[in-house]
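> Just passing along the structure, written as structure tokens.
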Amino acid sequence: MSEIIVAEQWRPVANIEYEISDFGRAKSLKYGKVRILKPGVNTSGYPSVNILVDGKQKSTVVHRLVAMAFIPNPRNLPEVNHKNGIKTDNRVENLEWVTRRENTDHAMTNGLRPRGEWHCRSKLTEDQVREIRASKETRKSLADRHGVLINTIFKI
């Protein structure tokens, strides 16, 4: 069985001394040296690299750099979506320009956005919400007991 080898393509990143590949790898061309950048992972789970723009260091998500270099955006759409939902898969064929609404809909449809007690900002568990709904206590006492605002209890 023969193996197909696909060459990695590199393109410049807009007016700075960096290049990005269609596989999602970044390299610096500063000071006449070629150096592959090791991405970190930002707080949202996306690979990011630190690049120097106008003398200031800036953390930039890799998928956005790939999209800017390889994917036309004639409608000037603001966000880049990972088609397969994997935040670390920054291959050009896995990315597309979308609106905020399309990006959110894709995440919701594919179960990529945590909901309920699994959401990072959740203050209550589902059991606590059921308990609050069944309770005859005042909103104030429930809010104090659970460490949330009265308005949160009201919404439940």
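> Determine the relative contact order of the stretch 18-156: mean sequence separation of Cα pairs under 8 Å and six or more apart, normalised by residue count, in whole percent.
The normalised contact order for the stretch 18-156 reaches 15 percent.
> Under the Karplus relation 6.51 cos²θ - 1.76 cosθ + 1.60, θ = phi - 60°, what is the ordered set of whole-Hz ³J(HN,Hα) values for the stretch 34-47, x standing for Gly and Pro?
The phi angles translate into 9, 9, 6, 7, 8, x, x, 10, 7, 5, 8, x, 9, x Hz.
> Further question: Which part of the stretch 94-117 falls in the paramagnetic zone of ARG11, meaning amide N under 15 Å from the point 7 Å along Cα-to-beta-carbon?
94-98
> Could you give the nm distance between label points at VAL53 and LEU112, where each point is 7 Å from its Cα heading toward the beta carbon?
2.2 nm
> Find the accessible area per residue for the chain; the probe is 1.4 Å, ligands and nucleic acids are left out, and the unit is Å².
Normalised by residue count, the accessible surface of the chain is 72 Å².
> A further question on this structure: Take the alpha carbon atoms of the stretch 25-69, find their center, do the same for the stretch 106-156, and report the distance between the two centers in whole angstrom.
38 Å
> Pairs LYS27/LYS83; LYS123/LYS155; LYS38/LYS83; LYS56/LYS87: which are spaced more than 19 Å apart, C-alpha to C-alpha?
Over 19 Å Cα-Cα: LYS27/LYS83; LYS38/LYS83; LYS56/LYS87.
> Express the carbon and sulfur contribution to the solvent-accessible surface of the chain as a percent, rounded to the nearest whole number, probe 1.4 angstrom.
Carbon and sulfur: 52 percent of the exposed surface of the chain.
> Still on this model: What distance in nm separates the two pseudo spin-label positions at THR104 and LYS136, each 7 Å out from Cα along the beta-carbon direction?
For the pair THR104/LYS136, the computed spacing is 4.0 nm.
> Still on this model: Given charges of +1 on the Cβ of Lys and Arg and -1 on the Cβ of Asp and Glu, with all other atoms neutral, how large is the dipole of the stretch 18-92 about its Cα centre, in debye to the nearest 20?
Once rounded to the nearest 20, the dipole reads 220 debye.
> Still on this structure: Could you calculate the FRET efficiency of THR88 with PHE154 from 1/(1 + (r/R0)^6), where r is the beta carbon distance between them and R0 is 30 Å, rounded to 0.05?
Here the calculated transfer efficiency is 0.15.
> Here's another thing I want to ask about it. Per residue of the chain, what 222 nm ellipticity follows from adding -39500 (n - 2.57) for every DSSP H run with n ≥ 4, rounded to the nearest 500?
Helix-only estimate at 222 nm: -7500 deg cm²/dmol.
The values are calculated or read from the model by the stated rules, or taken from the named source; none is laboratory data. Computed from a predicted model, the values in this text were never measured in an experiment. Positions of Cβ are backbone-derived with ideal geometry, glycine not excepted, and every protein chain shown enters the neighbour counts. With ligands, DNA and RNA removed, areas are computed over all heavy atoms of the protein, side chains included. Shrake-Rupley method; radii C 1.70, N 1.55, O 1.52, S 1.80 Å.
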